[in-house]
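The values are calculated or read from the model by the stated rules, or taken from the named source; none is laboratory data. Bear in mind the structure is a predicted one, so any value in this text is a computation, not a measurement. The protein model used for the area step is the full one, side chains on, heavy atoms only, and it has no ligands, DNA or RNA in it. Shrake-Rupley method; radii C 1.70, N 1.55, O 1.52, S 1.80 Å.
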Amino acid sequence: MAAIYIVEDEENIRNLISYALNNSGYEALGFGDGASLFTQIDQEKPSLIILDIMLDGEDGYEILKQIRSTKNIEDIPIIMLTAKDQEYDKVKALDMGADDYITKPFGVMEMISRVKAVLRRIPSREENVEEANVEFKDIILDLNKRTVEIDGEFVDMTFKEFELLYYLIKNRNIVLTRDQITNEIWGYDYEGESRTVDVHIRSLRQKLTDDRKYIKTVRNVGYMIED
Ligand code: CA
């Protein structure tokens, strides 16, 4: 049975989510704050975490960041709960490595279907676990530490920029369409801006100080990295 942890300080919402998940065949466990979550993660790594942004004390972003930067737990799928009309929160959550978000108030059915969708697409992340480093020209990606080194210098990347760069390098010499990139990096259910890919490619290029020597634009199609 897949264990799902819920972090939400509002007891009513936490109980509602737990109840719905338990009824759908998941083993749900609720937590009011980050500290109790991390204590439990040490005992058992969950299949997924539903994480509210607005919490007393450590907020959802800090917890997300901590999980994504901690070895062995950095790959736990995470769905964030965001408040209505907080567009910025959604973008920020996805950029920091959340797999999806649910906007409050939400229906129980919607929540369950999002949980299922995220759990379905997760195995892809484990494909290259044994491979520790990926090299391309003067770029070195450390898949365990999630660091990027270019010509001997470390470059800070957001979670999504790292995923994007890794995806391009893995598929070097293949043209990737915007749809393919969106599906791979943001998931099939992603309903955000269609220009998200372009925006991330642009910031990636800036960080790579790329005058298109790495990432090539294929007009009207998408992008590729060429040997
Ligand atoms: Ca809350």
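Structure notes:
- Across region 158-227, Cα pairs under 8 Å and at least six residues apart give a relative contact order of 46 percent.
- For region 72-174, averaging the sequence separation of C-alpha pairs within contact (under 8 Å, six or more residues apart) and dividing by the residue count gives a relative contact order of 20 percent.
- Region 129-170 - convex hull of alpha carbons, volume per residue in Å³: 64
- Backbone amide hydrogens, once placed in the peptide plane, bring Leu143 within less than 5 Å of Asn133, Val134, excluding anything fewer than 5 places away on its chain.
- If the convex hull is drawn through the Cα atoms of the chain, its volume per residue in Å³: 126
- Normalised contact order of the chain, rounded percent, pairs of Cα under 8 Å and 6 or more residues apart: 13
- Ligands, DNA and RNA left out, the 1.4 Å accessible surface of the chain is 46% carbon and sulfur atoms.
- Ranking Glu226, Glu161, Glu87 by solvent-accessible area of protein heavy atoms (1.4 Å probe, all protein chains present), from largest to smallest, gives Glu87, Glu226, Glu161.
- For region 1-94, the extents of the C-alpha atoms along the principal axes are 34, 31, 21 Å, listed from largest to smallest.
- Taking the helices alone, the chain has a mean residue ellipticity at 222 nm of -11500 deg cm²/dmol, built from -39,500 (n - 2.57) per DSSP H run of at least 4 residues and averaged over all its residues.
- On a per residue basis, the chain carries 53 Å² of accessible surface, using protein heavy atoms and a 1.4 Å probe.
- Rounded to whole numbers, the Karplus 3J(HN,Hα) couplings from phi for region 4-9 are 10, 9, 10, 10, 7, 7 Hz, using 6.51 cos²θ - 1.76 cosθ + 1.60 with θ = phi - 60°, and x at Gly and Pro.
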